[in-house]
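Here's the structure we're looking at; comments come further down.
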Amino acid sequence: MLSELSAVIRTSAVVKYVSDNNANIKIVTENAAFARRVFSLIKKLFDICPEIVARKSKKLKKNTSYSLIITSSMGTKKILEKIDYSDDNVSIPDKVCCRKAYLRGAFLSAGSISDPEKAYHLEITNHKLKLAHKLNELMNTFNLSPKIVRRKGSYVSYLKEGENIVDFLNIIGAHSALLELENVRILKEMRNSVNRIVNCETANLEKTVNASLRQVENIKYIINNVGLDNLPDGLREVAEMRLKYNDANLKELGEMLNPPLGKSGVNHRLRKLEKIAEKHRKLKGEL
């Protein structure tokens, strides 16, 4: 719990010193559940009840913001001493459970996940580069490979890979969100797989249709300029079958021949017919 509160204060709290040893702490959020959680943490750990101020926004969305205020007279000194708070000291917890708690606090106070239907993106904002680097160092102890980008004066630690985001949610104990994300990932992968199959089949069908049209055109040219009777029996039979069944694929054409012929055999004969048509086009100067 202490590590989680430490992350919350370091990441999102405003700490204003009123003297060398005393300070006021203010945490502002629009998430009522998070406000209750922070209140409970401070109450359990230090037996301090922060002052809560709720304000309705005057902007278009009119969200309610909650401010948790702990004044120096309430005992902020022992809170800051307990979490070892200072501008120059940002330590990584030694215990795995404390690291997880710190990540949970950082995410709850300053993190967000984009709509997984659109993109996989998780980020946590820090106001100081040192804090962002320490947060990344902490995430790297769990092999998450985060990156940092500067945005509007803040430093954002982010994850882009779906697998890393799932691992992060598991680490901080957000299992309901993890299951929802996994469901979206599975559906997206299924849709992408179906789309790939459909695109592949469409491309193959288009290729087959174009090849069939070209073959029929060559055979008709041979009929008008050479005559099917002047072709060898094997070529004539394939030509007649192609004209009769112009939407059949090579395998189907081969099965209709007598005797049946494999795909490569049918393709070989159709190529010969194409070469005959090309040869006569060249002789007539049509190529």
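The values are calculated or read from the model by the stated rules, or taken from the named source; none is laboratory data. Being a predicted model, the structure only gives us computed values, none of them experimental. Using ideal geometry, Cβ is built from the backbone for each residue, glycine included, and neighbour counts are taken over all protein chains shown. Remember, those area values only see protein heavy atoms, side chains included, never the ligands or the DNA or RNA. Shrake-Rupley method; radii C 1.70, N 1.55, O 1.52, S 1.80 Å.
Have a look at Asn63, Asn140, Asn136 and point out the one that is buried (at least 17 other Cβ atoms within 10 Å of the Cβ), out of contact with any His (no Cβ under 7 Å at 6 or more places or on another chain) and among the polar types (S, T, N, Q).
Of the residues listed, the single one that is buried (at least 17 other Cβ atoms within 10 Å of the Cβ), out of contact with any His (no Cβ under 7 Å at 6 or more places or on another chain) and among the polar types (S, T, N, Q) is Asn136.
Considering segment 66-86 alone, what residues qualify as being hydrophobic (A, V, I, L, M, F, W, C) and open to solvent by less than 50 Å² (accessible area, probe 1.4 Å)? Answer for segment 66-86, where residues must be hydrophobic (A, V, I, L, M, F, W, C) and open to solvent by less than 50 Å² (accessible area, probe 1.4 Å): Leu68, Ile69, Ile70, Ile79, Leu80, Ile83. For segment 116-156: of the residues being of a type in the set (Lys, Arg) and in a loop (DSSP other than H, G, I, E, B), which is nearest to the chain's Cα centre (by Cα)? Out of the qualifying residues, it is Lys118.
Scan Asp94, Asp20 and give me the residue that is charged (D, E, K, R), in a loop (DSSP other than H, G, I, E, B), more than 30 Å from the chain's Cα centre (by Cα) and within 18 Å of Met139 (Cα to Cα).
Going through Asp94, Asp20 in turn, the sole match is Asp94.
Among the residues of segment 145-154, the ones that are touching a helix residue (DSSP H, G or I) at 6+ places or on another chain (Cβ under 7 Å) and at pLDDT below 90 come to 1 in all.
The set of residues from segment 91-112 being under 17 Å from Leu178 (Cα atoms) and open to solvent by 70 Å² or more (accessible area, probe 1.4 Å) comprises Lys100, Leu108. Of note, Ser212 satisfies the criterion of being modelled with pLDDT of 85 or more, over 30 Å from Glu163 (Cβ atoms) and of a type in the set (Ser, Thr, Tyr).
Check whether at least one residue in segment 33-54 is open to solvent by less than 90 Å² (accessible area, probe 1.4 Å), among the small types (Gly, Ala, Ser) and either farther than 25 Å from Ala174 by Cα or in contact with a His (Cβ under 9 Å, 6 or more places away or on another chain) (or both), and report yes or no. Scanning segment 33-54 turns up at least one residue that is open to solvent by less than 90 Å² (accessible area, probe 1.4 Å), among the small types (Gly, Ala, Ser) and either farther than 25 Å from Ala174 by Cα or in contact with a His (Cβ under 9 Å, 6 or more places away or on another chain) (or both). Within segment 225-251, the set of residues being within 16 Å of Leu213 (Cα to Cα) and not β-branched (Val, Ile, Thr) comprises Ala239, Glu240, Met241, Arg242, Leu243, Lys244, Tyr245, Asn246, Asp247, Ala248, Asn249, Leu250.
His268 meets the conditions (1) at pLDDT below 90; (2) more than 30 Å from Glu117 (Cβ to Cβ); (3) open to solvent by 80 Å² or more (accessible area, probe 1.4 Å) in every case but one. The failed one is (1). Of all residues in segment 20-30, those satisfying the criterion of being open to solvent by 70 Å² or more (accessible area, probe 1.4 Å) and in contact (Cβ under 8 Å) with a residue 12 or more places away in the chain are Asn21, Lys26, Val28, Glu30.
Of all residues in segment 23-47, exactly one satisfies the criterion of being part of a loop (DSSP other than H, G, I, E, B) and under 17 Å from Lys82 (Cα atoms), namely Asp47.
Of all residues in segment 169-179, one or more are at pLDDT 85 or above, under 24 Å from the mean Cα position of the chain (by Cα) and open to solvent by 90 Å² or more (accessible area, probe 1.4 Å).
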